[in-house]
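**Student:** Sharing a structure, written as structure tokens. Questions coming.
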Amino acid sequence: MSFRTPTAADHVEDVSPGTGTLPPRAWYARSDARSLSLNGDWRLRVAPTADAEDDSFAVPGFDAGDWARVTVPGHWVLQGDGAFGSPIYTNHLYPFPVDPPRVPTENPTGDHLRVFDLPSDWPAAGSGDAVLRFDGVESCARVWLNGTELGVFKGSRLPHEFAVGALLKPSGNVLAVRVNQWSAGSYLEDQDQWWLPGIFRDVTLLHRPAGCAGDFFTHASYDHAGGEGTLRVDSEVAGRVSVPALDIDVATGESVTVPVRPWTAETPHLYDGELITPGERVPLRIGFRTVALTDGLITVNGRPLLFKGVNRHEWHPEKGRALDPGTMREDVLLMKRHNLNAVRTSHYPPHPAFLDLCDEYGLWVIDECDLETHGFVEQEWRDNPVDDERWTPALLDRAARMVERDKNHPSVIVWSLGNEAGTGRGLTAMADWIHARDDGRLVHYEGDADCRDTDVYSRMYPAHEEVRRIAEGRDGGTRARRRLPLILCEYAHAMGNGPGGLADYQALFESHDRLQGGFVWEWIDHGVRDERFGYAYGGDFGEELHDGNFVCDGLVLPDRTPSPGLLEYKKVIEPVLIEVDGAGGTARVTNRQDFADLSAFAFTWSCQVDGETVGSGPLTVPALAPGGSADVKLPALPAGRDAETGWTVSAALAADTRWGAAGHEVAWGQGAVTARRVPAVEPAGAPAFPGDGTLTLGPGVFDARTGALRAIGGVGVTGGPRLDVWRAPTDNDDGAPWQSDTRYGLLWRKLGLHRMRHRLDAVEQDGPALTVRTRVAPAAWEVGLAAVYRWTSDGERLALTVSVTPEGDWRVPLPRLGVRFGLTGPADRVRWFGGGPGEAYPDTKEAARLGRWESTVDALQTPYVRPQENGARADVRWAEVGGLRIEGDPEFWFTARRWTTEHLDAAAHLTDLVPGDTVWVNLDHGQHGIGSQSCGPGPLPHYRLDAERAEFSFVFTPVG
Ligand code: GAL
């Protein structure tokens, strides 16, 4: 005898997309029909299982007075300080047993209640209908209004509507929503992100007057040959379409062709129009453009595109995926201001307001369906829902809800079936449906290696060499695939410090037509604001299964501060290439845009002497067409400069735009005129022994026995300078567990590069010099580095030459090679002449501009959510910190921080970094490249720092 009877919760495990909802249709934020936002303060009760509570809460009169309050839109696990459970982060593993479509008994279930009145001027009953719209609920919702069940839906990041007119009352309407965290739908939503249940997008009541608009599809194409646009709005409810600026007033379904300015991401011309049905006026924002696959290339308005894109998850460090309009706008502004031109909405359709912004500001969009079944990879894709026809209705429902919702956005040029869902008939069915419904856009899916269903060959994280092979058609593949362009839907994994190698990818993209660019992974670190940690990541909420900080892999930090990776990307994808021939006195300017000429930009030249700008002025550059180049003569330089001299040429917005103010720099280039003269120290005097155990040499005070430096002038020094090869491994050094290439971060640690011992072999006086001979090596291994420090002084300055000779069979590159020491006195401000203003490493230094810079020690740090090596400044000629001026020969990498590398290495969160009194300075001759191995390839061979003989010098001067 069974005591468990099927309960009302069984719909949760049903593979169907739901019941009771209206067919999907075009989405719009407003019209002249009334609407009522039901966002705001709701009542919430969270139960541990789907059937713990009955559904009596949905009945009017239920007393929810003792329930908690929750803000809708929102995720209940991010509200209530943990009282309602916690977020869970997994990359691709399902956080529950894989037994589709079954879900665990432990299924947190949030009952949401909201009582609302209709506004007094809400149209009376009988004058039309009303629709209740949910824009996003994770993962399964069952809805009642005034005690009547409306239905059930799944498809978390998709809209669902119910007809509710007959149920509405003027006041005291009771809206009840039961939300289950886990459902059959969860199997389709295995994206790499936090699992966050809740009603996380808007809830709106829409009045539907008699004769209101139904679904409609705006077709607005552009004929680039004739400069004309053709508009046709297909509408379920017949009416008229008006576009006053174009003198258009036609019936729906009728085509009209007129001269227009086309829409592109560079020139996002939108025409305001209206769809007028007998009962409703719906504003339209029309962008004329034609998307096609032409001769194997993605073209818009007849021209091939180059995507300079990014993958964007929706994220806010406090609100999760419940994004407010301001945050969405901030994302778009940041993207535009950093030269990005494209977004892939990984891995679900975003809040529709985001697409409005993409239309308005100009970004190409790959709109991706809410679909990922990645966890099935662990069972060789057996039972994958996308290859099981029982699930096909759910897949088609998701495809339709995306396409119908977003089809009127000019910015959307490609539909993506989803992400990492293997292969299967369901995906083919989706592609077929989309192709049939919308022949004006292309279809993308990265998992379709043979390009059976797709219009573009898409890859994630291929190494540069493979990209080159594909570009040259040497990669094999099906005939269908070989005819298609390549895009990298994901590349350059921006986890922690990095990604490295962006410029090398871009160079490939720029030089092969078949390569149409890519989308960096990803936009933002999904750190959760948390007092304990600064930002929390996977595991911080006690999850039994999690993927740690793999969720923090964005170009912006969780608070949207651009990381050095974004600044590097901005430089690499500049719309204008500026190559300065310093000696020749010219700048070659190339328009790298696809559509616009250069008239939006104003150019300036400036001249720097030892990093200081000594002159500047406007530079006249022709309004070159896309792809065009010109050599522009720079002014004559004043002659006879005995210093390092160079040019900077910069391009900035000539006038205010929607996204940037006049003067906002979009591109720059530099070129040297005369080279740097390195400092020479003529030794004068010899080491002296005052008899107190010290040894002095010019301003230097050493320990006479060990040769360790203690002070330079009045500046106290500790712990060196001595050879240092260790850096706190970056996420890209450590690499991802599945990487087949060598993961140097792990090898370095195995080899003990973090615990090098310094054996003192000799402290010698050699004429004017003090020479200290050492061998630096880790326990247990034969490898080591002979390091000789040779000190001299001219009386004022102290010079150090370090000679390094590797010993033994070194098979790994070094993380860094240089010296480290501590400054024991006050040290706050830092000035330097070199690359800046931001962090740089060998394969992330395009954005480092040669100049004079100032900072504080604290501001030199990049607060990566998981602490790791950061903050180096490249090509430094000299730096001043803590009363010391340090000049290098050759230029060096400069790093200063208030904790040691060992502390940095041990820290798991920002709050673990506690500043000490000593400022630790690294002066590096070399740094190993960064690469992208936290998900992609490691640094290219020419960014390796091999253990080789090296010699490098510094001159220290106390500056008081
Ligand atoms: C990809 C995946 C993304 C993300 C990324 C690594 O395979 O599509 O969702 O997981 O790897 O951060």
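**Student:** Tell me, what % of the accessible area of the chain is carbon and sulfur with a 1.4 angstrom probe?
**Tutor:** Numbers: 17240 of 34910 Å².
Answer for the chain is 49 percent, counting heavy atoms of protein chains only.
**Student:** Quick check on packing: order 489-495, 450-456, 704-710 by the mean number of other C-beta atoms within 10 Å, highest mean leading.
**Tutor:** Numbers: 489-495: 28.1, 450-456: 20.1, 704-710: 18.4.
Those peptides, ordered most packed to least, come out 489-495, 450-456, 704-710.
**Student:** What residues of the range 322-357 lie in the reach of a label at S35, counting those whose backbone N is under 14 Å from a point 7 Å from the Cα along Cα→Cβ?
**Tutor:** Counting only backbone N, you get 325, 351-357.
**Student:** Per residue and in cubic angstrom, what volume does the convex hull of the Cα atoms of the chain have?
**Tutor:** On the way: hull volume 181.9 nm³, N = 960.
Considering the Cα atoms of the chain, their hull volume per residue is 189 Å³.
**Student:** Count the net charge of all other residues whose Cβ sits under 9 Å from the Cβ of V131, scoring Lys and Arg as +1 and Asp and Glu as -1.
**Tutor:** Working: positive: R133, R208; negative: D129, E161.
It works out to a net charge of 0.
**Student:** Can you pull out the GluC sites (Glu not before Pro) in the range 379-430 that DSSP calls coil and that have at most 13 other Cβ atoms within 10 Å? The partial results should precede the final answer.
**Tutor:** Values: sites: E380, E389, E404, E420; in loops: E380, E420.
Here the sparse-neighbourhood loop sites are E380.
**Student:** Which whole-number value in Å² is the accessible area per residue of the range 591-674, probe 1.4 Å?
**Tutor:** Details: 3760 Å² over 84 residues.
For the range 591-674, the solvent-accessible area averages 45 Å² per residue.
**Student:** Using a 1.4 angstrom probe, figure out how much accessible area the range 216-292 has per residue, in square angstrom, rounded to the nearest whole.
**Tutor:** Working: 3320 Å² over 77 residues.
For the range 216-292, the solvent-accessible area averages 43 Å² per residue.
**Student:** If amide hydrogens are placed 1.01 Å from N in the peptide plane, which non-local residues have theirs closer than 5 Å to the one on G818?
**Tutor:** Amide H to amide H, under 5 Å and 5 or more residues apart or across chains, G818 pairs with D724, H925.
**Student:** Measure out, as a whole number of angstrom, how far apart the alpha-carbon centroids of the range 375-406 and the range 507-550 sit.
**Tutor:** 24
**Student:** Going by average Cβ density within 10 Å per residue, which order do the peptides 291-300, 768-777 take, highest to lowest? Present the calculation step by step, with values, prior to reporting the outcome.
**Tutor:** Numbers: 291-300: 17.4, 768-777: 19.7.
Ranking the peptides 291-300, 768-777 by packing returns 768-777, 291-300.
**Student:** Give me the count of lysine pairs in the chain whose alpha carbons sit under 14 angstrom apart, restricted to pairs 8 or more positions apart or on different chains.
**Tutor:** Numbers: K308/K336; K308/K570; K308/K571; K336/K570; K336/K571; K570/K845; K571/K845.
Value for the chain: 7.
**Student:** Same structure again: In percent, what relative contact order does the chain have, based on Cα pairs under 8 Å that are 6 or more apart in sequence? It would help to have the intermediate numbers written out before the result.
**Tutor:** On the way: 2565 pairs, mean separation 85.0, N = 960.
So the answer I get is 9 percent.
**Student:** Given a 1.4 angstrom probe, what's the average accessible area per residue across the range 10-208, in square angstrom?
**Tutor:** Values: 6870 Å² over 199 residues.
Dividing the accessible area of the range 10-208 by its residue count gives 35 Å².
The values are calculated or read from the model by the stated rules, or taken from the named source; none is laboratory data. It should be emphasised that the depicted structure is a prediction, and the values quoted were computed from it without experimental measurement. Cβ atoms come from the backbone with ideal geometry, glycine included; neighbour counts cover every protein chain shown. Just so you know, the surface numbers come from the protein's heavy atoms only, side chains and all, with ligands and any DNA or RNA stripped out. Shrake-Rupley method; radii C 1.70, N 1.55, O 1.52, S 1.80 Å.
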